[in-house]
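Since the structure comes first, as structure tokens, the remarks are kept for the end.
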Amino acid sequence: MSSDSAADIPVEEGLFSALDFFILSILAGMAGYWYFFKNKKQEQPTFKKLTVQPVQGRVNDPSFINKMKSSGRNVIVFYGSQTGTAEEFAGRLAKDAQGYGMKGMVADPEECEMDNLSSLPEIENALAIFCMATYGEGDPTDNAQEFYNWLQNGESDLTGMKFAVFGLGNKTYEHYNAMGVYVDKRLEELGAERIFDLGLGDDDANIEEDFVTWREKFWPAVCEHFGVQATGDQVNIRQYSLTEHDDLTAEKCYKGEIARLGSFGNQKPPYDAKNPFLAPVNVNRELHKGGDRSCMHIEFDITGSKIRYEAGDHVAVYPVNDPDLVELIGKRLEVDLGQMFTLTNVDEEASKKHPFPCPTTYRTAFSHYLDITGTPRTHILRELAEYAQDQKDKDFLNKLSSSTPEGKTLYSDWVVKDRRNITAILEDLPSVKPPIDHLCELLPRLQARYYSISSSPKVNPTSIHITAVVVKYNTKTDRTMKGVATNWLALKRPTNGIKPTVPVYVRKSQFRLPFKANTPVIMIGPGTGVAPFRGFIQERNFLKKEGKPVGDTVLYFGCRHKSQDYLYEDELEEYTKDGTLTKVHLAFSRDGPDKIYVQHLLRENMEETWKMLERGGHIYVCGDARNMARDVHETLEKIIRECGNMDKEKATNYVKQMQNKGRYSCDVNSPHGGNPHGGQLLIWEMTDKLWTLGDLDHDDHLTLAEFEREFITNYDHDGSGCVVSHEFVHQWQHNFLDTHQASVHVFQHFDRNSDGAICHVDTQALFTAVDQNQNNLIEKTEFDGLLLYVYGKLPLP
Ligand code: NAP
């Protein structure tokens, strides 16, 4: 039993359901709140404190139509964005509108009442543009999840609404641009009118070029459709106004916090994307034994943070830019980086008041909030051209950012291939001297970096491990490019008992060991792709030691040289000796005359693989998506064809089925789940229907004891509630929830039916407990015979 109380488990962010569902929730919440309030004096609460984080960032008036009408706008650009690119494209399109006599605004679908789309035709020459990124395995981004649900379930009549969609995706993933394609198709099905063809951007190639190419044809089509003309007003418009402060105290100034001022000094759970935990680094050791690369094994201490994780989850790290680069910018622009300032959105209607937490100093902004090592997009270069004092530099930047074939080639060569970031550009074009605050406005936000967790909480409940190669290489222009996060982490070494800290939070993934430990697993992870499997192996070892039947556990690992980068060699040998690992297949690619890769060994061992698959085995792949994962996929299909005597179509279907059943999972640089919004607390009531969900077969019946063993990880001190394991949550999410990360409580106030299954929950006790903690019932619904209660803090209207 853990010392952490069940109810204090940090709640992570997650979307819940479609917008209409949300409204119902609010109503239910109000009703629930009233109910609790009324019954305040009732029996003693039986639960520990429920800690929830309110949903943040929602605007008060979700009617974007009212906003458009009151501010005279007719173009609205929605974005589904995870890393900020779609949001940035949306901003550029909204700005463009001005050049065509139209007025645009950017909108986050999560903050909008999307039913309003049907009222858009009330506005003259109104147009809705959607910049929709696809995430993970063809999923919507977190902020577009509700919109996606709404599109799927909604039956709104969108007749008369005009739209265009630009999708953002990556061709290395199977479901390339699935969201863009879906939104484009679905809006038409609902009666809306597409005024320009769907645009598709490929982040694996040059998404900037795809976007620019689409946009240059898009606006003429808009002009033709609405009978408007380019006004030539397409000047560079400043979105934010600058205030410099000379009288602010340091306490009033952000120092890298993500949302709450002072949160780094005064840490309070729950920890999430907006409130990362400053985790002390317990261990930071080198894993490579030779060669010129470095691979770090880092252990973050999460003691007392109440952070929970599961093997297969990701940990997000907020990095800090190289101080040398930051100082270089300050010097180059001749500014005092210590100056405090605030950038304020000139659009009072905008939901984003500041581009990053303000007030802050220029040094903090360039260190913590701005991406100064990425590839600058063309609009940045176009705006920088305005500040070139030398006509040659101005012309060059204008050409570079133009959408002519010549401009595109130049951009692709000089910026993308030569890997020039903003500091390199400022260095190479010395007459370009933008005001620092304009640069702050233009540069994208520095993003958190995600690492596959390489530990199991069963073995390491108070630490989270990661395995990461330090990224460093030379560019064609003879500059050393350093990965922001890994080079920063490399410096985070505990010395003389002092442990440096790193802001982290855990993001749930769908990458999970099978629900039953006796299911065989094949894990394929060359290089640092072995990371999540270290966690999986630790977990299987733990279960084995507990006497549970653990199925075959086979690992395929590959590296360059056995003597240099064979990660966790000693551990893996130990696990092989004690039987946790049934087999380890090793591919040392550069030790022999021919390249040997994991997929070659998989093929050599195809009979073994096939037998494991036929026994219901699960396959996991982690690592490089572009080549390795694709090659492994092809090899797998071949194995199924040959060993299973199937034609290509049948083998493809077999693999698809495996994917659908969660028996073939990839964790290949495709971050999943999590979102930057407030969390919700879920409390689920169960009925005996429970057993038919998830990985369990319909005729599978668990006794309560089995249920407890399989799912329950902790009980509250007083035994009043328990925390179910993430496997359990995962099964449920799979069926009807999205990527929720929340405390999930299964209450012990239940009766059992003759099978021993839970059939009744004392909801009265539940209500009282929730009342005590001033949480609202935000949802009570029935799903497939299950009653689902959702409690949490939501802003009451
Ligand atoms: P690495 O050392 O560069 O490569 C590991 C081994 O894979 C080497 O033996 C390499 O051989 C081999 N390899 C190269 N191309 C291959 C292919 N097409 N198929 C099979 N094997 C191939 O690996 P690393 O530096 O650790 O990086 C591994 C990759 O995994 C990175 O892209 C990293 O970002 C990614 N990763 C992703 C996640 C995640 O998405 N959650 C987690 C961890 C790591 P040669 O170099 O000799 O050709």
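Results, tabulated for the structure shown:
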read-out	value
Whether the stretch 481-600 is rounded, prolate or oblate, judged on the alpha carbon gyration tensor where a/c under 1.5 counts as rounded	oblate
Prolate/oblate/rounded call for the stretch 326-389, Cα gyration tensor, a/c under 1.5 rounded	oblate
Counting DSSP beta bridges with both ends in the stretch 156-306, the antiparallel % (nearest 5)	50
Pairwise label distance in nanometres, K69 with R615, each label 7 Å out on the Cα-Cβ vector	6.7
Extended-chain gain in nm, criterion 0.36 nm per residue less alpha-carbon gap, E188 and E386	67.2 nm
3J(HN,Hα) from dihedral phi, the stretch 414-421, Karplus parametrisation 6.51/-1.76/1.60, rounded to Hz, x for glycine, proline	6, 9, 6, 5, 7, 6, 8, 8
Using θ = phi - 60° and Karplus 6.51 cos²θ - 1.76 cosθ + 1.60, couplings along the stretch 277-288 (whole Hz; Gly, Pro as x)	8, 7, 8, x, 8, 7, 9, 8, 10, 7, 9, 6
Cβ-defined net charge surrounding D324, 15 Å radius [Lys, Arg +1; Asp, Glu -1]	+3
T213/R626 FRET efficiency (R0 30 Å; Cβ-Cβ; nearest 0.05)	0.85
The stretch 393-490: trypsin sites (Lys or Arg not before Pro) in DSSP coil with no more than 13 other Cβ atoms inside 10 Å	K476
Cα gyration tensor shape of the stretch 91-186, rounded if a/c is under 1.5, else prolate or oblate by comparing a/b with b/c	oblate
K472 long-range amide H proximity, modeled H, under 5 Å	G483
Gain on full stretching of the segment that runs from K545 to S431 - 0.36 nm per residue minus C-alpha separation	34.3 nm
Virtual spin-label span in nm between R238 and Q98, 7 Å along Cα→Cβ	1.2
Potential extension, N496-N653 segment - 0.36 nm per residue separation minus Cα distance	50.8 nm
Burial order of peptide ranges 291-297, 355-361 (average beta-carbon count within 10 Å, highest first)	355-361, 291-297
The stretch 373-381 - phi-based ³J(HN,Hα) in whole Hz, Karplus 6.51/-1.76/1.60, Gly and Pro as x	10, x, 7, x, 7, 4, 5, 5, 5
Virtual spin-label span in nm between K331 and K661, 7 Å along Cα→Cβ	6.2
Ranked W214, W150, criterion: other C-beta atoms within 10 Å, fewest first	W214, W150
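None of the figures in this text is laboratory data; all of them are computed from the coordinates on show. Note that the structure is a prediction, hence the values are computed from the model and not measured. Every residue, glycine among them, receives a Cβ derived from its backbone with ideal geometry; neighbour counts consider all protein chains shown.
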